[in-house]
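Participant: First the structure, then my questions, so here it is.
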Amino acid sequence: LPLCAAAQGKPAEAAAPSEGGMSAFGRDGYDAYIGRYADAPRPVTVVPVPAAACEGTPAPEVLPVFEGRTDVVVFDQAETTLTWTAGLYRVAVDYYPAPGRTGNVEFDVQLNGERPFEQAQQIVLNRLWKDEAPMKQDNRGNDLRPTQVCEDAWLTADFADKEGILNQPYEFYLREGTNTLSLGLIREGVYLAGLRVYNPEPLPDYAAYRRALGGVKQPAAYQQKVQGEDAAYKSDPSLFPIADRSSPLTEPFDAAASRLNTIGGSNWQNAGQWISWEIEVPEDGDYILGMRYRQDLLKGFSSYRRVYIDDEVPFSELLEVEYA
């Protein structure tokens, strides 16, 4: 059961452009763009688009089979033609960063021949990072920081604000009929399996989530402790284990030797960064999740994280969990 927490930026609402079309992000920024379509519908639908259904110059290479997927596009510069009902949609991509490299993938998005807003010129897709091996110790008993390495894997990500100013993915206005989405590669190579144009069902609040579950079994007394530094994966190589001696309650603790017994801190302050842990439970049912943490970087303010369970946010209250 993968459990993931992602750093969240300050919530921001799309505002209509002010007089003359200007906005806080400029005439060509995303908030001015989305303000022009404030009344557009957001159809709740999913439109899968195979990556191979594209054109490009030169013609993109298509691999019949790659890492368990079929008809995978080796992305150089691809253009895909899509058809659906007019409205605002999110766009997600299934991608596999080119092995043997360490940089994030970056590309430019154009819709129907033009860039819809300024921020669309740099869409960033993260790689998947992990500890190379279990933690080791030196000859004095001090923990040694594990090397961070890329894990080659298929990933899915929305087209979103790389700065984390917006806490929801970008929405693109698609007119009724045929629309052309063009991706121009800026940095690193990537394999594409497909795109997904969609709007999600509204998340229920916790009360509605509980009602929908009905009677759920609560297993007998059970407890599993997962150390924060034992993360399964992370979005950034800077999210490595770090030492904390502020309290003997932080495990593992040693009065003499250095113990890398936490993760995050000042390295986990950028919106969009995430860390995931894997937990196992003996049977289906209700379990309480708790966390020991310290928030001492924002004096007088709170920090926020979004919580995913098995890659989904189960109810709306987990969109912004406050850590005071």
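The values are calculated or read from the model by the stated rules, or taken from the named source; none is laboratory data. Here the structure is a predicted model, which means the values were calculated and not measured. For neighbour counting, all protein chains shown are included, and Cβ atoms are generated from backbone atoms with ideal geometry for every residue, glycine included. We work out accessible area using only protein heavy atoms, side chains counted, and drop any ligands, DNA or RNA first. Shrake-Rupley method; radii C 1.70, N 1.55, O 1.52, S 1.80 Å.
Participant: Taking square-rooted eigenvalues a ≥ b ≥ c of the alpha carbon gyration tensor, is the stretch 138-275 rounded, prolate or oblate, where a/c under 1.5 means rounded and, failing that, a/b exceeding b/c means prolate? Working shown, then result.
Facilitator: On the way: a/c = 2.74, a/b = 1.46, b/c = 1.88.
Note, shape of the stretch 138-275 comes out oblate.
Participant: Through the Karplus equation 6.51 cos²θ - 1.76 cosθ + 1.60, θ set to phi - 60°, convert the phi angles of the stretch 191-208 into ³J(HN,Hα) values in whole Hz; use x for Gly and Pro.
Facilitator: 9, 10, 9, x, 10, 9, 9, 7, 9, x, 5, x, 5, x, 7, 4, 4, 5
Participant: Oh, and also: What FRET efficiency comes out for Thr178 versus Phe315 if R0 is 30 angstrom and r is the Cβ-Cβ distance? Round to the nearest 0.05.
Facilitator: Numbers: r = 37 Å, r/R0 = 1.24.
E(calc), rounded to 0.05, equals 0.20.
Participant: With springs connecting C-alpha atoms under 10 Å apart, model the chain as a Gaussian network and identify which of Glu55, Glu229, Glu171 has the largest mean-square fluctuation.
Facilitator: In the Gaussian network model the winner is Glu55.
Participant: Using a 1.4 Å probe on the protein heavy atoms, what percent of the accessible area of the chain belongs to carbon and sulfur? Walk me through the numbers on the way to the answer.
Facilitator: Numbers: 8910 of 18300 Å².
Using a 1.4 Å probe with all protein chains present, the chain comes out at 49 percent carbon and sulfur.
Participant: Ser316: net charge of surrounding residues, Cβ under 15 Å, Lys/Arg +1, Asp/Glu -1, itself excluded? Mind dumping the intermediate values first?
Facilitator: Numbers: positive: Arg210, Arg211, Arg305, Arg306; negative: Glu201, Asp205, Glu312, Glu317, Glu320, Glu322.
Result for the neighbourhood of Ser316: -2.
Participant: May I pose another question? In Å², what does the accessible area per residue of the chain work out to with a 1.4 Å probe? Working shown, then result.
Facilitator: Working: 18300 Å² over 324 residues.
Averaged over the residues of the chain, the accessible area is 56 Å².
Participant: Can you work out the Karplus-derived ³J(HN,Hα) for every residue in the stretch 46-59? Use 6.51 cos²θ - 1.76 cosθ + 1.60 with θ = phi - 60°, whole Hz, and x for glycine or proline.
Facilitator: Rounded to whole hertz, the list is 10, 10, x, 10, x, 4, 5, 7, 9, 10, x, 10, x, 4.
Participant: Nearest 0.05, what FRET efficiency do Leu213 and Val149 give at R0 = 56 Å with Cβ-Cβ as r? Don't skip to the answer; put the middle values down first.
Facilitator: On the way: r = 39 Å, r/R0 = 0.69.
Result of the calculation: an efficiency of 0.90.
Participant: Kindly write out, for the stretch 218-229 in residue order, the coupling ³J(HN,Hα) from the Karplus curve 6.51 cos²θ - 1.76 cosθ + 1.60 (θ = phi - 60°), rounded to whole Hz, with x marking Gly and Pro.
Facilitator: So the Karplus estimates, Gly and Pro as x, are 10, x, 4, 2, 8, 8, 10, 10, 10, 5, x, 6 Hz.
Participant: Taking a ≥ b ≥ c as the square roots of the Cα gyration tensor eigenvalues, with a/c under 1.5 meaning rounded and otherwise prolate when a/b beats b/c, else oblate, which class fits the stretch 132-212? Provide the component values of the computation, followed by the final result.
Facilitator: Numbers: a/c = 3.03, a/b = 1.56, b/c = 1.94.
Note, shape of the stretch 132-212 comes out oblate.
Participant: Let me ask something additional. When the distances between all Cα atoms of the stretch 260-324 are binned every 5 Å from zero, what whole-number percent does each bin get?
Facilitator: 3, 12, 22, 27, 19, 11, 5, 1, 0
Participant: Same structure, new question: Out of all Cα-Cα pairs in the stretch 215-324, roughly what percent, to the nearest whole number, are more than 24 Å apart? Write out the running numbers ahead of the final one.
Facilitator: Values: 1966 of 5995 pairs.
I get 33 percent for the Cα pairs in the stretch 215-324 exceeding 24 Å.
Participant: Is the chain best put as rounded, prolate or oblate by its Cα gyration tensor, with a ≥ b ≥ c the root eigenvalues, rounded for a/c under 1.5, and otherwise prolate when a/b is larger than b/c, oblate when not?
Facilitator: On the way: a/c = 1.75, a/b = 1.50, b/c = 1.16.
Cα axes put the chain in the prolate bin.
Participant: If I model a spin label as a point 7 Å beyond the Cα along the Cα-Cβ vector, how far apart are those points for Gln269 and Gln168 in nm?
Facilitator: 2.9 nm
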